[in-house]
Structures are given as structure tokens and as C-alpha cells.
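Below is one structure; the comments refer to it alone.
Quick note: the coordinates plus some simple rules give every number you see, no bench work behind them. On a predicted model such as this, the values are computed, not experimentally measured, just so you know. Ideal geometry is used to build each Cβ from the backbone, glycine not excepted, and the neighbour counts take in all protein chains shown.
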Amino acid sequence: MNKRAFSAPGKALLVGGYLVLDPKYQSYVVALSSRMHSVVQFKESEQFKVKVLSAQFDNDTWEYLVEKDEQENFIPKEINGKNNPFVEKTIFNVLNYFKHASKDTKYDVSIEIFSDSGFHSKDESVTKSNDKKTFNFHKKTITKVPKTGLGSSACLVTVLTSALTSVYLGDEFDVKNESVLSLVHNLAQVAHCQAQGKVGSGFDVAAATFGSILYQRFSPDLINELPNIKEVKTDYSESLYKLGKDTNWNFTHKRIHLPKGLKLVMGDVKSGSETTKMVAKVKKWYQDNLPRSEEVYHKINQGNIKFIESLDTLNKTKDTTLIDQIDNKDIESDVLLEARAAIEQIRENFRIITKEGDVDVEPLVQTELLNNVLNQSGVLTAMIPGAGGYDAIAIIVTENCEIQKSNDEIFEKVTFLDLKQEDLGILEEHPDYYENLL
Ligand SMILES: Nc1ncnc2c1ncn2[C@@H]1O[C@H](COP(=O)(O)OP(=O)(O)O)[C@@H](O)[C@H]1O
Ligand SMILES: C[C@@](O)(CCOP(=O)(O)OP(=O)(O)O)CC(=O)O
């Protein structure tokens, strides 16, 4: 049996929350060292089967027999009554994409999923390790273990899409090849949207695939226009093939990385904010308050662009005093002041939405926490990532700063996550590194 392994990173949307839903706005998405992994093995078989095992979550297993409908579309059917829409939609899309190329070849595919500790609360878990990797094992099924907000479903879909696509493409499946990444991205976006039952901005799947990026979304119509095979009797694979391979998705995913000497620190505050509800409330506030709401968005976008530009300037600067200025709480340089002011402008306008839209994008407790964080030495700036709410804070600090070890009472409710910014998205991993975890 062939055996290969892949991983994809979690994400933090540092700037661009809400605005990123509109293709006209840019966002700054950081990929994280917390990764989801897939280990795939397959052989040709009489019966088409895909089995996915997520041993860390009480040995969760989903086993699909793949059948064909009247239109010859591949339909995965779970045989033990277990439901995982993200797994099911990924299998559905990858298999139908390759339907024509694969002719009638049937496979018996087995995929193991591994998830780094950053994605879920570690409470009540035990660690298992070998000399390469350590993973947390939970007593509960995946849906019962609290998440930290790094985008577990997007990573799962991306590594599963990689695993299944590698079955079909064999040696041509090279994650260093941009067209391979594009194909995985396109199929993973489709599967993720279908599993979520909505077309989000897709920044999480894009970061899982391409790594840390400036992101501007694709048009939601690309996915909305795919046929719904429950309603229309049609060959789904034909439309999907065009969308996966021959369509220009027209989105931006330009590589970025944090400036030298700086690092990202993420703090988990308290899970509980529901992104979907917050997005609905913010959209309602926007519609009810036009044209002023557009001005608020405009100011947030100005802040986003100023932040992106100042990080770009910092990436190019030769000024060696800047890190000391941050460490000594003596920030004088224009570019550092600009980066700080940009985030302040974004936060100020998010607070307007918070108040007027009655939606906790930057609730008072988070404002107080972030303002305290800004007074610590070594801190360039700090923000609420993504949709905001009570979930998390993101802090950009100097490499020497050890804020995550601080005993200051302002961090009483903050659990710092053991992760860092990473440049790359999907990686090929060594399949043996996941064996004999004890
Ligand atoms: N390690 C994993 N193994 C299997 N399924 C997973 C794993 N991680 C995430 N999932 C799937 O993703 C779902 C969580 O998705 P969602 O609620 O959108 O959270 P997130 O914001 O982290 O993406 C889980 O219920 C499960 O279906
Ligand atoms: C509001 C948003 O722009 C960003 C949400 O970012 P989060 O990082 O909070 O996302 P979840 O992991 O889905 O909870 C919605 C979107 O872009 O789809």
C-alpha cells in the first residue's frame, strides 16, 4: 500500500474581519504552526470505500461506501450512522472531480487524521507521543470537545482534499506546485461551503492551503452556481471539473510574513462567540445604517491598508533600533506609530459597530484587556482576530518578549496558545512520524 502524509495550518485573521466577506476588501491572514494532518493509504478494490479515523476524539471513525446515483455521480454513504458533513462533502467533491479521469477505478482508501493541540481545549485530554510528534487524545467525540477558533474544519477539509487528490494524481501531486495547490484550494472551498451550508469568505481554507497571505475573496457565485444534485438530475462532475480546473477564481493570495524580529502571540480567552450570528448582526447593522455604515467600513479599510503597508515597510527597513524601541516602551519611529494607529483606527470603528449593532465585536472586557496589553513592554500592537467577540486576542510582540509567561493579573482569563506564525500552507509530511504514538 502507498502511504503519504500531509498537513495544513490553522489561521488567524489579523485584519479584515467582516470586510473580507466583500471581494473589494483586502485582509491579512496569518497561518499558524498548529496543523491538522492526514495520513493516507489506498489500494484498488472491488468496492469503493473511504474510511476516515480521528483517533484523538474517542476513536471517531466515519466509513463511507461510495455508490453512483442515476446520473453516475459518486455518492458517499456512511455505513454506521455517524455524521461528519466536512468529511462527507470532501469525499463527494474530490471523487466527482476525478470521475472522468479515473474511469471506473475503485479504491479502498483509509485516512487517519491528527490534530495539533492548538485547535482544541486540552482539558481532560492525555498526550501520546513518539520521538517526532505529540498529540492530545480526548475522551469525547469531536463535536463535544471545545474549539479554540483556529479553523479546524477548514484544515480538516484541506488535508482530506490533499490526501484524496494524491490518490488520483500520484507523483504529480506535489504540494510545491502552484497548480496542485490551486486545485486543492478550489475543491476544498467547495466542500467547506457545502458542509457549512453557507458561502463564507473562505480565508480559512485559503490560509490552510497557501499559508500566510494577503487575501481577497472569490465571488460567492462560483460556488452558488454549482448544481444541487438533490434538486436537479445532472452530471455534477462536469460543472465541478470546470470550476476546479478551468475557471479563474480571480482571488488574491499573496504571500506575506511578519517582519523580522516580531512574532505573533495568540491568547484564547473564552469560547462562546458564534461567528454566524455575529456576521448576521453586523450585516443587518450595515444595511440599516447606510450610507454611514459604509463610511465606517471605509475607515476600517483605511486602517487595514495602513496596517498592511506598515508591516511591508517594516519588512524592508534597515533600521536596527526599532525592536529596542518596542522593548523599551519608547516607540518613536513613524512606521511603528503608524502600525499602532492603524489598529487603533480599526478597533475604534469596530467599537462603533459593537455599540450601534448590539453585537460584541469588541466587547468592553476585550477593550480593557487589549488596552492593558498595549502598555506591556515588547508589544507592538494587539487586536481581536477574525469575527472578534470573547474568543481570542492576537498580539504582535518582539521576538524577545515573553508576555505569554507573564503572571500579571490582566491575563487571568487568558490561555496562551503554543504556536507561531508560519509562512507555508499545505506540506507533505513523513508518514512514519505518526506511528507508534504512546
Ligand atoms: N480532527 C478532526 N477530526 C474529524 N473532524 C474534525 C476534526 N476537526 C474538525 N472536524 C470537523 O469540523 C467540525 C468543526 O467545524 P466548525 O464548527 O466549523 O469549527 P471551526 O471553526 O474550528 O472550523 C467538527 O464538528 C468536525 O465535523
Ligand atoms: C467575520 C468573518 O469575516 C471572519 C470570521 O473569522 P473567525 O476567525 O472568527 O472565523 P471562525 O473560525 O469561522 O469562527 C467571517 C468570514 O470571513 O467568513
Checklist entry - Non-local amide H neighbours of residue 106 (under 5 Å, H modeled in plane, Pro and chain starts lacking H): which ones? => result 45
Checklist entry - Taking H as built 1.01 Å from N, whose amide H comes closer than 5 Å to the amide H of residue 381, not counting residues under 5 places away? => result 396
Checklist entry - Using bins 20 angstrom wide from zero, how does P(r) for the chain break down, in % of all Cα pairs? => result 25, 55, 19, 1
Item to check | Label-to-label distance, nm, for residues given as residue 61 and residue 144 (7 Å Cα→Cβ offset) | outcome: 1.8
Checklist entry - Expressed in nm to one decimal, what extension gain is obtained for the pair residue 238 and residue 320 from 0.36 nm per residue of sequence separation less their Cα-Cα distance? => result 23.9 nm
Item to check | Karplus (6.51, -1.76, 1.60) ³J(HN,Hα), θ = phi - 60°, over segment 18-30, in Hz, Gly and Pro reported as x | outcome: 6, 4, 4, 5, 9, x, 7, 9, 8, 9, 10, 10, 9
Checklist entry - Under the Karplus relation 6.51 cos²θ - 1.76 cosθ + 1.60, θ = phi - 60°, what is the ordered set of whole-Hz ³J(HN,Hα) values for segment 156-172, x standing for Gly and Pro? => result 4, 4, 5, 6, 5, 4, 4, 4, 5, 5, 5, 4, 7, 8, x, 5, 6
Checklist outcome for this item: Once phi for every residue in segment 276-293 is put through the Karplus expression 6.51 cos²θ - 1.76 cosθ + 1.60 (θ = phi - 60°), the whole-Hz ³J(HN,Hα) values, with Gly and Pro written as x, are 4, 5, 5, 4, 4, 5, 5, 5, 5, 4, 4, 5, 6, 10, 5, x, 5, 4
Checklist outcome for this item: Percent antiparallel among DSSP beta bridges confined to the chain, rounded to 5, stands at 90
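Rounded if a/c is under 1.5, else prolate if a/b is larger than b/c, else oblate: which is segment 262-420, with a ≥ b ≥ c the root eigenvalues of its Cα gyration tensor?
It comes out oblate by the Cα gyration axes.
At a threshold of 8 angstrom on Cα-Cα distance, excluding pairs fewer than six apart, so keeping six or more, what relative contact order does the chain reach in percent? Can you show the working numbers first?
Details: 884 pairs, mean separation 101.3, N = 438.
This gives 23 percent for the chain.
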Checklist outcome for this item: The answer for residue 55, listing residues at least 5 apart or on another chain whose modeled amide H is closer than 5 Å to its amide H, is 113
Checklist entry - With r defined as the distance between the Cβ atoms of residue 328 and residue 231 and R0 fixed at 60 Å, what FRET efficiency is calculated, to the nearest 0.05? => result 0.40
Next on the checklist: Using only DSSP helix segments of four residues or longer, with each worth -39500 (n - 2.57), what per-residue ellipticity at 222 nm results for the chain after dividing by its residue count and rounding to 500?
Outcome noted: -11000 deg cm²/dmol
